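A short worksheet on the structure shown next.
The values are calculated or read from the model by the stated rules, or taken from the named source; none is laboratory data. Not measured: the values here are computed from a predicted model. Please note: Cβ atoms are built from the backbone with ideal geometry, for glycine as well, and neighbour counts cover all protein chains shown.
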Amino acid sequence: MKAGAVRTIGPRVTDSRQRREQGTIKIIAESRGSNEDAPLLAAYNRILDTGNRFNPPTRFRATFKALEFKRKRELVDGLELADLCAYPIARHMLDPVKSHPSFPLVQQKLLRRAGSLAVDGYGLKRFP
């Protein structure tokens, strides 16, 4: 998960009233090593400290319980599911002409603008 994803996901997650009131959302990210994990942890802490243009920091602090890094060998179900979804999306983003065969299954679940079938720029965002 890249730091830009934290900024993108945050506003959507904080809209869950029940979870926001409980403050129980725990983010689990796959660890890539301390050097690689540091920028994600810094982005997480920054959003808790300063918020973003959509939500104040108090809203994030009330919503998120923790950010935990887990190694691949720990076989966390949610991370395995994320990998199964992310790989076809990554292949599609790298070369839309030769998308992964399971991309159409994942594509059905992506966010799209009302009345449109397109997901690019809405449910799929490219970060530099």
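Scanning the stretch 85-107 finds one or more residues that are of a type in the set (Phe, Trp, Tyr) and part of a helix (DSSP H, G or I).
Going through LEU117, LEU94, LEU75, LEU111 one at a time, which residue ends up being exposed (fewer than 11 other Cβ atoms within 10 Å of the Cβ) and under 20 Å from ASP37 (Cα atoms)?
So the residue among LEU117, LEU94, LEU75, LEU111 that is exposed (fewer than 11 other Cβ atoms within 10 Å of the Cβ) and under 20 Å from ASP37 (Cα atoms) is LEU75.
Criterion first (at pLDDT 90 or above, within 29 Å of ALA118 (Cβ to Cβ) and under 17 Å from the mean Cα position of the chain (by Cα)) does PRO88 satisfy it? Against the criterion (at pLDDT 90 or above, within 29 Å of ALA118 (Cβ to Cβ) and under 17 Å from the mean Cα position of the chain (by Cα)), PRO88 qualifies. Just one of the listed residues (GLY10, GLY33) is modelled with pLDDT of 55 or more, of a type outside the set (Val, Ile, Thr) and outside the structural domain of ASP83 (by TED's automatic domain parsing), namely GLY33. Taking the criterion of being within 24 Å of LEU111 (Cβ to Cβ) and either surrounded by 12 or more Cβ atoms within 10 Å (Cβ to Cβ) or modelled with pLDDT of 95 or more (or both), the residues of the stretch 36-55 that qualify are LEU40, ALA43, TYR44, ILE47, GLY51, ASN52, PHE54, ASN55.
Can you tell me how many residues in the stretch 23-62 are hydroxyl-bearing (Ser, Thr, Tyr) and not in a helix (DSSP H, G or I)?
The number of residues fulfilling the criteria is 2.
Inclusion of ARG20 among residues that are basic (Lys, Arg), at pLDDT below 85 and closer than 18 Å to PHE127 by Cα is not warranted.
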